Each structure stands twice: as C-alpha cells, then as structure tokens.
1. Can you name the residue in the stretch 68-88 that is more than 16 Å from the ligand (Cβ to nearest atom) and assigned to a strand (DSSP E or B) and, of all such residues, is surrounded by the most Cβ atoms within 10 Å (Cβ to Cβ)?
2. Filter the stretch 34-67 down to residues that are part of a loop (DSSP other than H, G, I, E, B) and without any contact (Cβ under 8 Å) to a residue 12 or more places away in the chain, then give me how many there are.
3. Among all residue pairs at least 6 apart or on different chains, which show Cβ distances below 9 Å where the first residue, located in the stretch 119-137, is in contact (Cβ under 8 Å) with a residue 40 or more places away in the chain and among the aromatic types (Phe, Trp, Tyr) and the second is in a helix (DSSP H, G or I) and within 11 Å of the ligand (Cβ to nearest atom)?
4. Which numbered condition trips up Asp29, out of (1) within 18 Å of Gly141 (Cα to Cα); (2) surrounded by 24 or more Cβ atoms within 10 Å (Cβ to Cβ); (3) not hydrophobic (A, V, I, L, M, F, W, C)?
5. Helices (runs of 4 or more DSSP H) wholly in the stretch 89-208 with at least 1 residues that are more than 27 Å from Gly273 (Cβ to Cβ), hydroxyl-bearing (Ser, Thr, Tyr) and more than 14 Å from the ligand (Cβ to nearest atom) - which ones?
6. Can you find even one residue in the stretch 18-31 that is within 23 Å of Glu282 (Cβ to Cβ) and acidic (Asp, Glu)?
7. Spot the failing condition for Asn243; the list is (1) in a helix (DSSP H, G or I); (2) without any contact (Cβ under 8 Å) to a residue 60 or more places away in the chain, and only one is missed.
Amino acid sequence: VNKAAERVLAAVRTHQRFLVTSHARPDGDAVGSVLAMTLILRQLGKDADPQLADPVPLIYKSLPHAGDIIHDTVLHHDDYDVAIVLECDSVARTRLQGLAAFPLLNIDHHTSAREFAQVNWIDSNASAVAEMVYELAIMAGATITPDIATCLYTAVLTDTGSFCYEGTDERTFALVEELVRCGADPVRIARNIYFSNPASKMRLLGAALSSLHRDGPLAWLHVTHDQMVKTGAIEEDCEGLVNYALGISGVEIAAFFRELPDGRFRVSLRSKGAINVGDVAEEFGGGGHECAAGLGVDGPLDHARDVVLGRLVQAPPRTIAQH
Ligand SMILES: [Mn+2]
C-alpha cells in the first residue's frame with residue numbers, strides 16, 4: 001500500500017473546493033496532469049479550478065477542457081479547501097501569489113522534488129506525474145473517461161520524450177495501453193503535438209542549428225534574444241531544440257542556451273545517461289531529472305557557456321540506473 005498516495009486520497013475525500021496547479025511555463029506533463037486531476041475531482045463531485053501562471057503552449061491547446069484553465073498569477077477565489085500542486089518542486093515555481101495560504105498537496109516525480117507541502121507524494125520512478133494521477137484515480141474509484149485518458153496519455157508521451165528517455169519501461173507501456181483502451185487516440189494526439197508546430201519554431205530551429213558546436217561527448221547550441229524576435233518565436237518554440245544536439249552519435253550531454261530579454265540565459269540540459277544533469281542543474285538553482293533538466297545563468301553568452309559547459313565536463317560519470 002502506498003502510504004503517501006493514501007494520504008493524498010484521504011485529503012481529496014474530506015475536502016470540497018480544490019485549486020489544481022503546476023509550475024510556470026507548463027510542459028505536457030504539467031498541462032495534462034492538471035487537466036486530468038481537475039476532471040477526476042469533478043467526477044468525484046468536487047469543485048476544482050485548474051490554474052497556471054502562464055498560457056498553455058499551442059500544441060496542448062486542443063486538450064480536453066484546456067479552455068477551463070485560469071491563466072493568472074493572482075488567485076481568483078480565496079475559499080479553496082486545498083491546493084494540489086503537481087509536477088512542481090516549490091510554491092515559488094508555480095508563480096501563483098498567495099498559494100502558500102492554503103493547505104497544499106504535493107505530487108511530484110522530479111529528482112529535485114521537495115517535501116514543501118502538508119501532504120507530499122513523491123515518486124521519482126514515475127515516468128510522469130500523470131502516472132501518479134492515474135494511480136490516484138484508480139484508488140479513488142474514478143472512471144478513466146476518454147477526456148481524462150487523452151490528457152494523461154499526452155503527459156506520458158511528452159514527459160518520456162516519446163517513450164525514449166531513461167525510465168521508460170514496461171510499466172509505461174502498460175499504462176498507455178490502458179489509456180488507449182480508455183479512449184486516448186495516439187494518432188490524433190501525435191498529430192497535435194508533433195505535426196502542429198508554428199512556422200516560427202522551424203525558423204528558430206534553423207537559427208539554433210547554425211550555432212551547433214560539438215566537443216567530444218558534449219554538444220551545445222544557442223539562440224539570442226534578437227533571433228527570437230527576428231523569427232517571431234516565443235518561449236515555447238524553444239521546447240525540444242536541445243534534442244537536436246543530443247541526436248549526434250557519440251554525444252552524451254547536450255546544452256541549449258536561450259538568451260532572455262534581460263541578458264540572462266535559460267539553459268536546457270539533456271543526457272543520454274552517463275551524467276546526471278539534474279544534479280548539475282540544482283547546483284545552479286535549477287532542477288529536473290537525471291536525463292533532462294533546466295537552469296538559469298547570467299550572461300553574456302561566453303560566460304554562460306563557460307560556467308555551464310565547464311561544470312558538465314567535471315561532472316562525475318554515473319552508473320545508469322537499473323529499472
Ligand atoms: Mn513531469
């Protein structure tokens with residue numbers, strides 16, 4: 001019996017008004033898990049408001065009930081019994097003001113996860129928080145409707161890097177098999193996520209690839225703020241660009257540097273498993289997983305590149321975890 005999950009379920013059963021949220025700049029697991037949790041709570045007869053500080057990225061806008069999400073850093077109600085924070089390692093990272101005033105339930109799978117809430121359920125073996133939301137739904141006796149299945153499938157698909165990242169195992173496939181059985185349509189979902197990019201993203205990809213450098217097991221690329229403006233790209237268009245650097249044979253670690261309007265850099269790190277980039281990101285105040293992580297660092301580019309790549313070169317090789 002999963003004690004942490006039981007405590008979350010007990011809190012769900014004994015309360016009525018829920019806020020459901022996740023980290024700012026939401027990814028597929030954040031959006032999919034927030035929507036699925038909201039739909040599950042409503043099915044259980046609860047009131048649930050999904051809220052995120054930032055807009056839903058274009059490729060996730062067609063998810064069922066995505067239009068229900070409140071986009072604001074200010075809470076619209078002050079009478080929530082509980083706030084459920086999904087896939088997020090701190091209250092600060094939600095960027096929602098006043099969230100800490102509510103009792104919090106924390107459900108997370110990051111290696112950088114923290115026990116910041118009244119009830120914490122952390123499972124770093126879960127391929128996505130969506131896997132934990134599914135588990136909770138089954139424990140609660142909820143029905144996995146086609147809408148819920150679609151949200152959960154999208155989260156698992158994207159958080160496993162299309163079933164490519166380390167940690168993808170038979171449990172992952174058993175889950176998505178069940179989600180497809182419950183009504184998730186893999187073809188339609190793949191079309192929305194992989195074949196619905198704005199042209200700006202492809203123009204930005206061109207700019208990023210022209211900056212590609214490789215030194216042994218390390219490859220990196222960058223885009224400047226000026227290139228973001230010229231290509232008409234927005235933040236979410238940077239999603240996944242780092243994987244083009246990781247796609248090179250013999251490259252073990254990849255870094256993508258994006259210049260922010262204030263001259264700082266957001267850095268995405270990816271690893272094929274030889275280095276734990278989550279640990280490296282945490283040293284810079286960021287976080288994530290062993291094989292996918294992010295952090296912020298001061299510019300200019302030369303400085304950002306030197307400190308991050310310098311640290312990656314020093315990182316001790318790790319034994320790839322057995323699953
Ligand atoms: Mn996740």
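Bear in mind these aren't lab numbers, they're just calculated from the coordinates by the rules spelled out. Just so we're clear, the structure is a prediction, and the values are computed from it rather than from any experiment. A quick note on method: Cβ atoms are made from the backbone with ideal geometry, for glycine too, and the neighbour counts reach across all protein chains shown.
1. For the stretch 68-88, the residue satisfying everything is Ala83.
2. Number of matching residues: 2.
3. Listed pairs, sorted by first residue: Trp121/Met132; Tyr134/Val156.
4. (1) is the only condition that Asp29 fails.
5. It comes to 146-159.
6. Yes; the residues of the stretch 18-31 include at least one that is within 23 Å of Glu282 (Cβ to Cβ) and acidic (Asp, Glu).
7. Evaluating Asn243 over (1) in a helix (DSSP H, G or I); (2) without any contact (Cβ under 8 Å) to a residue 60 or more places away in the chain leaves (2) as the failure.
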